[in-house]
There are 2 protein chains.
Amino acid sequence: MEIKIMKNILDRNQNKANEVRSLLASKKVIMVNIISSPGAGKTTLLECTLECLVKSFKIGVIEGDITTDRDARRLKRFGIPIVVINTGGGCHLDSHSISKVLAHFDLDDLDVIFVENVGNLICPSQFDLGETFKLAVVSVAEGDDKPEKYPMLFREARAVILNKTDLIAHTDFSNENFTSDLNKINSRIIRFDVSCTRGDGLRSWLEWISGQITGLSHI
Amino acid sequence: MEIKIMKNILDRNQNKANEVRSLLASKKVIMVNIISSPGAGKTTLLECTLECLVKSFKIGVIEGDITTDRDARRLKRFGIPIVVINTGGGCHLDSHSISKVLAHFDLDDLDVIFVENVGNLICPSQFDLGETFKLAVVSVAEGDDKPEKYPMLFREARAVILNKTDLIAHTDFSNENFTSDLNKINSRIIRFDVSCTRGDGLRSWLEWISGQITGLSHI
């Protein structure tokens, strides 16, 4: 019974996601669905990214959180449109809530929407939001075994950011193990090793994401 | 409609959890449900804990994982009964799967069962497994804002372990903010600050958990 219910929920989510995807394509807006464990650094990555891109692109942000608007407040200084979705206990965003909040944006005046999903390495990867692509973020401090233990996200994501590389020296993180597991799961995934707090490795990420926005938003 | 379904699922889970709790009480076995984000250090904590307690107590372990038996393999050297539950994508353990795997243990020959839940700060806190209490584990590297952003677990847990204190100097973790948020959510929660890799702070935790086992297993 539960399998059937889950299938229904996912089917309805998929239909709405397809609608969202069509709408965004017609408006030439790309949407990046950022997924990670709690505390891997999604908001800090967004801060670094906005810092650099906010002058070149028209950017909106959707902040998914169980409760509080703490992350959104950290992004307020950029003066861009931000909408918070509080799931009230829900462990992921879905396409219906995304579809609703899109009404709060002027899509004719946007190039890209970054969606910061709820901090969770599992459930968000199962719900298509109508995004252009998923971006996985994983922190060195979580250990090198995350791709093998939580493969769904890494299978689905177009790119992965390995964050907090400044902590490598203080942990037993093995770059070799991480790379080998990741390649087995998704050999085409694009990878950026960065330290958002130090700024290491950010340039490659910023160039790539700019290319994605430029390339895709003008198709 | 989805709310009703969720209520049914939770009701059925609660009924089975009550059964599990009665069974364990009748056998004088305590069960500790360990919950954290991916990579906060549940398995390393279990290694440190087993290292110390395995001579004094009869211990069993249930390992919850999406896929793989990597964590269970790390505990094999202790020669204790370990059962793996692979959820195959499921984001939390539930009382029905716990009830089933209890048949694989000789409950007359156990003092305590440690359950390592799936790495997820959200869903596992909503599903009672019939445990004696929940233990939250959170890593310094995740940031000091986790109790406020993911309050459910911290509200429910009897104790919280703040792990990876060796990384504090390399992060912007504020002990003051963490403490103040945690107190607002659950002022009675018992807290241990530890570094499982360095061994710092483990003695208090080990004394406390030994007391929980001794006290409760002989009621």
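The numbers here are math on the coordinates, done by the rules we state, and not lab data. The shown structure was predicted, so the numbers you read here are calculated from the model rather than taken from an experiment. Cβ: placed from backbone, ideal geometry, glycine included. Neighbour counts: every protein chain shown.
Annotations for the structure displayed:
- Where a residue in the stretch A:174-193 is free of Cβ contacts under 8 Å to residues at least 12 places away in the same chain and its partner, wherever it lies, is acidic (Asp, Glu), with Cβ under 7 Å and at least six apart: none
- For the stretch A:94-141, a residue qualifies if it is among the charged types (D, E, K, R), within 30 Å of B:SER36 (Cβ to Cβ) and in contact with a Phe, Trp or Tyr (Cβ under 8 Å, 6 or more places away or on another chain), and exactly one does: A:ASP94.
- Residue in the stretch B:86-93 that is buried (at least 24 other Cβ atoms within 10 Å of the Cβ), under 23 Å from B:VAL160 (Cα atoms) and of a type outside the set (A, V, I, L, M, F, W, C) present: no
- Screening B:ASN18 on (1) buried (at least 20 other Cβ atoms within 10 Å of the Cβ); (2) more than 14 Å from chain A (Cβ to nearest Cβ) shows it passes everything except condition (1).
- Some residue of the stretch A:53-75 being on the phi > 0 side of the Ramachandran plot, charged (D, E, K, R) and out of contact with any Asp or Glu (no Cβ under 6 Å at 6 or more places or on another chain): no
- Residue that is farthest from the other protein chains (Cβ to nearest Cβ) [pool: residues in the stretch A:90-146 that are under 19 Å from A:LEU45 (Cβ atoms) and among the charged types (D, E, K, R)]: A:ASP111
- Scanning the stretch B:35-61 for residues that are part of a strand (DSSP E or B) and under 22 Å from A:GLU142 (Cβ atoms) yields B:ILE35, B:SER36, B:VAL61.
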